[in-house]
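The structure under discussion appears below in the form of structure tokens.
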Amino acid sequence: MRKLTALLFSPLLALSISCSKRSNPPAMEILHPNDTLTRIEINSPQRYLLLPIEESQPEVQVRLVGDRPEDTWLDIRLAVDSIDYYVPLALPEGKSPTTVEIIGLDRKAISYEKMQLADTFDTSAKDYYCPAYHHSPAYGWMNDPNGMIYKDGVYHLYYQYNPYGSKWGNMYWGHSSSRDLIHWEHHDLALARDTLGHIFSGSAILDKQGTAGFGKDAILAYYTAHNTHAGKQWQAQCLAYSLDNGKTFTKYAGNPILTPFDGVSDFRDPKVFWYAPEKSWYMIVSADKEMRFYRSQDLKKWDYVSAFGEGYGARPNQFECPDFFQLTDETTGKEKWVMIVNINPGCAFGGSATEYFVGSFDGKEFVPETAPEIAHWLDFGKDHYALVTFHNTGARTIGIPWVSNWQYANVTPFKQTRGTNGLPRDLFLFTKDGTSYVGARPSKEVEALRKEQVSLSLPQSIGEEVRLSDALKGLEDSFELELELTPAAKTTRVGLVLSNELGDELPIYLDLEKERITMDRTKSGLIDFGTKATPHDRESNDWRDRDGVNYQNDFAIATWAPLSLCTGKTYKLRLFVDRSMAELFVQGGRIAMTNLIFPRKPYSTLRLYSEGGATQLHSAKLYRLGL
Ligand code: FRU
């Protein structure tokens, strides 16, 4: 932000504005035709109008006056008293004069004095908690991954994006791409909020044959248009196509392509997939508390097939962001269908989480293997949501979650950039005690993040406690720890504690009496940033047994997973720490646990401990990670 401020307020810039005043009309003129409306006349070919934001202010309405569908009213928290950061409003190329209108901003607001024209927008300054090696946007707000597709060696990751602030609002599809799932390049916005509505979540497919009529090899994006009409929420599915490998999209003139037959107001997040036995495209869409299947021959007209979900899994809930794919069970070799159902609320630990159902599908109906009251979780942390998978990755099923929880997503301690995605994970199916489960292992590409292995001079077995502060010194805040251990028959608890000199600590341990693995962030650093304790989502929920810890709010909690998902007595733990995130994978992803953390200083000490009996430590490896 420093560079940007310097650029904005440099005397040079001020001079160029006042010089131009003499001969030409002023570069920018602010008019207040009445009490609520402000009109800004811009007579300049510059690329951006930089808008000052004050996050605590209510949204006011801003629009570029024009006749493009994206020239719609935007909701922006323009600064009134002080400035937190700036956001760029892109001015239409080659069009000057341009008019911007604002409704509802006090005439005395500081924004009028400080908004500026510029040709560049500097995104180099990063928030303290911005991750070092995870995907996050260049600035602004991000939630769900959208339209993930692999084409010609490139992974495209679109995402729910607000370019005009770092709280939820103004949904666009942002766009990043990568050749290795690790190094991401940011691109121009892919789909803009328009007069039909916000651009909500959805998916993308490769139309190799040109079935939809837009040409061979077109990328088709399916998304939800969300709007409010006369106080009532309206959601419908829309289509856009790209003929330049996902860089730019044209919205289909016949949008919306699918509205709900029963007028349900929560009808969103379409995921399109190919179903070979019927040689047909299918779409799965969330509709309140169920998922609906549709089928199409031409990728534009969709016919209703069936629904699944009402009364299944954790409750109360709201179904969102579905995915549907086949996996081959690594234990039995059998192929099964997996339905991903992201739910909010309903998370075992409160708020939003990713649930799944395993079953069969015959092109008509999905039949789950589990009873309605059973909920299976893809991740046992509290910050794993909206996971969906890439289209067109052959035998691999690669998913990416958004790392946050709707209970507090808007108030986490970030400023100019709020929103991070988790590590890419390969999903797999395994059977334990006769039940099918979906596991999530870090994709193999993640290993390329290992910059250096730091030696840990560990003894071969852990006694009561071993201090490892020296090994961790200078490791900063981006590392991977890999431990393989076998607790003895009498061991009651074995684990590790990451801590810093301020007393922040993150214990992760196997509780062998309760047969759980737990990550406890109650004292992990900043835990109270405006979050409150909401009544829990489920009435009777044994997941809420929180080891006697007194939880102050929705963030300060411990999350745990049942060790019954593992086999044998040896546990391999992989822990990834990246400034504000801790992702844990046990036994190759049979258990995954993703949590946000906000240590006030990087954890500098690692302590391993074993209680009740010795633990055999087979290996301990520590890697510094980076891009
Ligand atoms: C899930 C979700 C989706 C919706 C999007 C809006 O996090 O609520 O259902 O499409 O976010 O940003």
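Close Cβ contacts (under 8 Å, 6 or more residues apart or on different chains) running from residues in the stretch 269-280 that are at positive phi to residues that are among the small types (Gly, Ala, Ser) and within 15 Å of the ligand (Cβ to nearest atom) comprise Asp269/Ser201; Asp269/Gly202; Asp269/Ser286.
When the residues of the stretch 521-533 are filtered to those that are within 22 Å of the chain's Cα centre (by Cα) and either farther than 30 Å from Ser604 by Cβ or not small (Gly, Ala, Ser) (or both), which remaining residue is modelled with the highest pLDDT? Ranking the candidates gives Leu526 first. Based on what the data block shows, is Asp303 more than 18 Å from Ala240 (Cβ to Cβ), more than 16 Å from the ligand (Cβ to nearest atom) and at pLDDT 95 or above? Here the answer is yes, as Asp303 does meet what is asked. A single member of Tyr222, Tyr275 is more than 16 Å from the ligand (Cβ to nearest atom), out of contact with any helix residue (DSSP H, G or I) (no Cβ under 9 Å at 6 or more places or on another chain) and modelled with pLDDT of 95 or more, and it is Tyr275. In contact with a Lys or Arg (Cβ under 6 Å, 6 or more places away or on another chain) and assigned by the TED database to the domain that holds Ile284 - does that describe any residue in the stretch 220-239? So far as the stretch 220-239 goes, yes, one or more of its residues are in contact with a Lys or Arg (Cβ under 6 Å, 6 or more places away or on another chain) and assigned by the TED database to the domain that holds Ile284. Going by what's in this entry, would Val305 be described as within 20 Å of Pro145 (Cα to Cα), of a type in the set (Val, Ile, Thr) and touching a residue at least 40 places away in the same chain (Cβ under 8 Å)? So Val305 does not fit the description; no. When the residues of the stretch 191-205 are filtered to those that are within 13 Å of the ligand (Cβ to nearest atom) and hydroxyl-bearing (Ser, Thr, Tyr), the one that is surrounded by the fewest Cβ atoms within 10 Å (Cβ to Cβ) is Ser203. With respect to being on the phi < 0 side of the Ramachandran plot, in a strand (DSSP E or B), charged (D, E, K, R) and at pLDDT below 95, Arg546 falls outside the description.
Of the residues making up the stretch 84-129, those that are touching an Asp or Glu at 6+ places or on another chain (Cβ under 9 Å) and without any contact (Cβ under 8 Å) to a residue 40 or more places away in the chain number 2.
Entry remark, the stretch 122-153: residues being β-branched (Val, Ile, Thr) and either closer than 19 Å to Glu476 by Cα or part of a loop (DSSP other than H, G, I, E, B) (or both) number 1 in total. Where strands (runs of 3 or more DSSP E) fall wholly inside the stretch 347-414, the ranges with 1 or more residues that are in contact with a Leu (Cβ under 7 Å, 6 or more places away or on another chain), within 12 Å of the ligand (Cβ to nearest atom) and under 27 Å from Arg295 (Cα atoms) are 353-361, 385-389, 398-402. So, in the stretch 174-188, of the ones that are under 26 Å from Pro413 (Cβ atoms) and part of a strand (DSSP E or B), which residue ends up nearest to the ligand (Cβ to nearest atom)? Checking each candidate, the answer is Gly174. Per this entry, Ile17 is counted among residues that are at pLDDT below 50, within 18 Å of Pro97 (Cβ to Cβ), in contact with a Leu (Cβ under 9 Å, 6 or more places away or on another chain) and among the aliphatic types (A, V, I, L, M).
I'd like to check something: does the stretch 344-351 contain any residue that is in contact (Cβ under 8 Å) with a residue 40 or more places away in the chain, of a type in the set (S, T, N, Q) and surrounded by 23 or more Cβ atoms within 10 Å (Cβ to Cβ)? Checking the stretch 344-351: not a single residue is in contact (Cβ under 8 Å) with a residue 40 or more places away in the chain, of a type in the set (S, T, N, Q) and surrounded by 23 or more Cβ atoms within 10 Å (Cβ to Cβ).
Residue count for the stretch 225-238, restricted to those that are more than 16 Å from the ligand (Cβ to nearest atom) and part of a strand (DSSP E or B): 2.
Just name the residue that is farthest from the chain's Cα centre (by Cα) out of those in the stretch 153-173 that are more than 15 Å from the ligand (Cβ to nearest atom) and not hydrophobic (A, V, I, L, M, F, W, C). If we take residues in the stretch 153-173 being more than 15 Å from the ligand (Cβ to nearest atom) and not hydrophobic (A, V, I, L, M, F, W, C), then Gly153 is farthest from the chain's Cα centre (by Cα).
Please determine whether any residue of the stretch 206-214 is on the phi < 0 side of the Ramachandran plot, within 15 Å of the ligand (Cβ to nearest atom) and in contact with a strand residue (DSSP E or B) (Cβ under 7 Å, 6 or more places away or on another chain). No: the stretch 206-214 contains no residue that is on the phi < 0 side of the Ramachandran plot, within 15 Å of the ligand (Cβ to nearest atom) and in contact with a strand residue (DSSP E or B) (Cβ under 7 Å, 6 or more places away or on another chain).
Can you find a residue that is part of a strand (DSSP E or B) and under 22 Å from Thr567 (Cβ atoms) anywhere in the stretch 594-603? No, that holds for no residue. Go through the stretch 189-213 and give me each residue that's part of a strand (DSSP E or B) and under 19 Å from the mean Cα position of the chain (by Cα). Matches in the stretch 189-213: Leu189, Ala190, Leu191, His198, Ile199, Phe200, Ser201, Gly202, Ser203, Ala204. A search for C-beta distances below 7 Å between a residue of the stretch 215-234 that is on the phi > 0 side of the Ramachandran plot and any residue that is away from the ligand (no atom under 12 Å from the Cβ) and outside any strand (DSSP E or B), counting only pairs 6+ apart in sequence or on different chains, returns Gly215/Leu243; Asp217/Lys208.
The values are calculated or read from the model by the stated rules, or taken from the named source; none is laboratory data. All values reported here derive from a predicted model rather than from experimental measurement. Here the Cβ is made from the backbone with ideal geometry for all residues, glycine too, and neighbour counts use every protein chain on show.
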